[in-house]
Every structure is written in C-alpha cells, then in structure tokens.
Amino acid sequence: MSVLSAPYMHDEAAAFAHVEAMLWADGPVCPHCGVVDSAYKLEGVRTKASKKNPGGKERHGLWKCRECRKQFTVRKGTIFEESHLPLHLWLQAIHLMVSSKKGISSHQLHRVLGITYKSAWFLTHRIRECMRGGALAGFGNGGGIVEVDETFIGEDKEVVKAYQSVKKTKSKPRGVAHKHKMLTLIDRDTKQAKSIVVDDLSKSTLIPILQENIAKEAYVMTDEARQYEGIGAGNVFDAHGWTNHSAGEYVNLEDREMHTNTVEGFYSIFKRGMKGVYQHCGKQHLHRYAAEFDFRYNNRIANGVDDLERSQIALRSVVGKRLTYVRTDIEA
C-alpha cells in the first residue's frame, strides 16, 4: 500500500493520533507547564459557527492539563502552531519533501495539496527549518577522512547592483564574485554532510569553520585551492591531502583514497535540485535549502534510512522550531 494511502494522510483525527504517538512517547506533554502524562482529552469540542461551517468545526486532538488547567494540542510549540492548514496536509507535504531526491517546488505542492502558493511556500520553509540540525558536526574523529569543498550558485543581487552602479552598465560581473558561496564537509566514515553558507572563501573565513566542525586528528581532503595550503602536518589538522583539479587530477594515483569525489557527488544532486526544481533562491533562504539537501543526504538508503523512516525523523524534529511568517529570513 502507498504511504500516501495511510489513514493519517487523509483523516484529521488519525493525523493527530499519529503525530501524538511520534512526539509524546510517554504521554501528552503540556506545553504550558511541562507536565507529562497529566492531561485528559476533550471530546466533541467545536469552533464557533461561521458561514462556511454553520455548525462549527470539530477540534481534533484537544487536551486539557490537570495541573495548569490550560488547553493544548500537539501542534503547540511545533512548526504546525497557528497554521490553518489541516494536519494531514502537513504530513503529506513532509513526506513529499523528504522523499523527493532533488526537492519538490512550492508551485507543485500548491497544486498537489490544493492550497495557495503563498501557503505552500511558507509551509516548505517551515519544513526545511525542522530539517536543520544546527549542532557542530564533529567530523573526522579518530583520524577519519573528511572531504571539504566549496561551490557557487545563484547570484548576490546586492553585489550585482553595486557593480552595475560603479560600471554604469546593465551587464553582470564576470567570474564567481557575485555568486552565493557554500562550503560543504562530508565525513566518509559516517556518510554525513554539513553545508554552510559563507560570505567569502578567504582562509580567515573558512579555517575557523573547519576547526569548529572537524576533529584535529582528521585526514582532510580538498582540491588545490590556496586557502587550504598549510593546514596539514599538525598545523590545523594532523593530515591534509589534495588533488589538482586544474591539471585534470581527480584521484591521486599513488593514494586512491585521496579525492573529493564524494562531496562533488553531493553537489551534483544539490545543483540539479537548485537549478532544475527551485531555480531561484535568495541568500537569506539558502541555508535552509542547504539543510534540506543535507537532511536527505544524511538520511538516505545508503545509511539504512528509507522514505518512510526519513519522514518520521523529520516529524520528530518539528518541536521548538517554529518559523514565523514575518521573520523567514532569520539566522539561527
């Protein structure tokens, strides 16, 4: 049976029961006072009558705490809070996003779910927010191999505008200075990736990020970029290997483990998604798109995680990551 045919994907009461089972393993948790398993369910409660619903709508999943006497649902304190969309549509959207290897556009979601484009756009950003880990990576523990690379994507409109005003032209600057820049680390042992949007690719910007996320004893693999010169032999990390891409070398013939092909493969999927599915992305949102691709990469079949389990992992991460509409450009 298709996952999308499951009762919780179509029935609101079943959707609340499913989310409660995922988030409240030890019983209902009151978001107001924090007491666990000291609440009772309110049945038959309905909203006020309206033209659309003269008899009111049934309030599914409503609980009342015995301690603080306040009402709540499992939506409170999650990405679902104060959303007017039915919970079962949220569950459909989460599954579609986590199971689409290169992503799914907000336009496609708004057509599939039967909601407005504005709602679909905001919904996808909330889901991306729950995919963000935020913790330092801790890659390369025990001397493991960590691949490091950067990529350029899109364009920074502010840089282009500044260039045009100085040059008195409508053309864009050459090269990659006007593009968004992203750094990605991949631990070969754990098969985990972490991507960070950066302002520039200078040594002073990148090295502190690497030190925060990679263990000193790691064996770091890069290309021949100058900002990585001298980071091995105990200076920054215990070992550093590189290949010379500009000379056509992508695997070191003397040491076949010395390459950055894994992170290049990650970028091939990322760019196909960003260019083919999402097409445009402002810098203020790029970190969430990066988190989305990191999440699917870290929880993929090669790591023993199928689509259904990936959806459940995302659902368990919805607590405490609410994103408000007026602040969709916030950085954590």
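The values are calculated or read from the model by the stated rules, or taken from the named source; none is laboratory data. It should be emphasised that the depicted structure is a prediction, and the values quoted were computed from it without experimental measurement. Because the Cβ atoms are built from the backbone with ideal geometry, glycine has one as well, and the counts that use them run over all protein chains shown. Each accessible area value is taken on the protein alone, full model and side chains, heavy atoms only, with ligands, DNA and RNA left out. Shrake-Rupley method; radii C 1.70, N 1.55, O 1.52, S 1.80 Å.
Can you find a residue in the range 211-221 that is under 17 Å from residue 263 (Cα atoms) and touching a Ser or Thr at 6+ places or on another chain (Cβ under 7 Å)?
First, pick out the residues of the range 211-221 that are under 17 Å from residue 263 (Cα atoms): 213-214, 218-221.
The next check asks that each one be touching a Ser or Thr at 6+ places or on another chain (Cβ under 7 Å); those that pass are 221.
Among the residues of the range 211-221, at least one is under 17 Å from residue 263 (Cα atoms) and touching a Ser or Thr at 6+ places or on another chain (Cβ under 7 Å), which makes the answer yes.
For the range 154-181, enumerate the residues that are without any contact (Cβ under 8 Å) to a residue 24 or more places away in the chain, open to solvent by less than 30 Å² (accessible area, probe 1.4 Å) and closer than 21 Å to residue 270 by Cβ. Spell out the reasoning first.
Initial filter on the range 154-181 (without any contact (Cβ under 8 Å) to a residue 24 or more places away in the chain): 158-175, 177-178.
Retained after the next criterion (residues that are open to solvent by less than 30 Å² (accessible area, probe 1.4 Å)): 160, 173, 178.
178, the sole residue that qualifies.
Hey, among the residues in the range 255-301 that are surrounded by fewer than 16 Cβ atoms within 10 Å (Cβ to Cβ) and of a type in the set (Gly, Ala, Ser), which one's nearest to the chain's Cα centre (by Cα)? The extreme case among them is 282. Taking the range 63-102 as the range and being crowded, with 17+ Cβ neighbours inside 10 Å and in contact with a strand residue (DSSP E or B) (Cβ under 9 Å, 6 or more places away or on another chain) as the test, the residues that pass are 63, 65, 72, 73, 74, 77, 78, 79.
Give the residues of the range 118-137 that are open to solvent by less than 70 Å² (accessible area, probe 1.4 Å), in a helix (DSSP H, G or I) and not hydroxyl-bearing (Ser, Thr, Tyr), sorted by residue number. Across the range 118-137, the qualifying residues are 120, 121, 122, 123, 125, 126, 127, 128, 129, 130, 131. Residue 211 meets all of the listed conditions (1) open to solvent by 60 Å² or more (accessible area, probe 1.4 Å); (2) over 21 Å from residue 140 (Cβ atoms); (3) part of a helix (DSSP H, G or I) but one, namely (2).
Does at least one position in the range 138-153 carry a residue that is in a loop (DSSP other than H, G, I, E, B), touching a residue at least 60 places away in the same chain (Cβ under 8 Å) and open to solvent by 40 Å² or more (accessible area, probe 1.4 Å)?
Of the residues in the range 138-153, the ones in a loop (DSSP other than H, G, I, E, B) are 138, 140-144.
Next, from what is left, pick out any that are touching a residue at least 60 places away in the same chain (Cβ under 8 Å): 138, 140-144.
This time we only want the ones that are open to solvent by 40 Å² or more (accessible area, probe 1.4 Å), so: 141-142.
Yes, that holds for at least one residue.
Out of the residues in the range 15-62 that are modelled with pLDDT under 90 and in contact with a Ser or Thr (Cβ under 6 Å, 6 or more places away or on another chain), state the one that is most open to solvent (accessible area, probe 1.4 Å). The extreme case among them is 57. On the stretch given as the range 302-318, residues that are surrounded by fewer than 17 Cβ atoms within 10 Å (Cβ to Cβ), touching a Lys or Arg at 6+ places or on another chain (Cβ under 8 Å) and not polar (S, T, N, Q) total 1.
Checked against the criterion of being outside any loop (DSSP other than H, G, I, E, B), open to solvent by 70 Å² or more (accessible area, probe 1.4 Å), out of contact with any helix residue (DSSP H, G or I) (no Cβ under 6 Å at 6 or more places or on another chain) and without any contact (Cβ under 8 Å) to a residue 60 or more places away in the chain, the range 182-200 has no qualifying residue.
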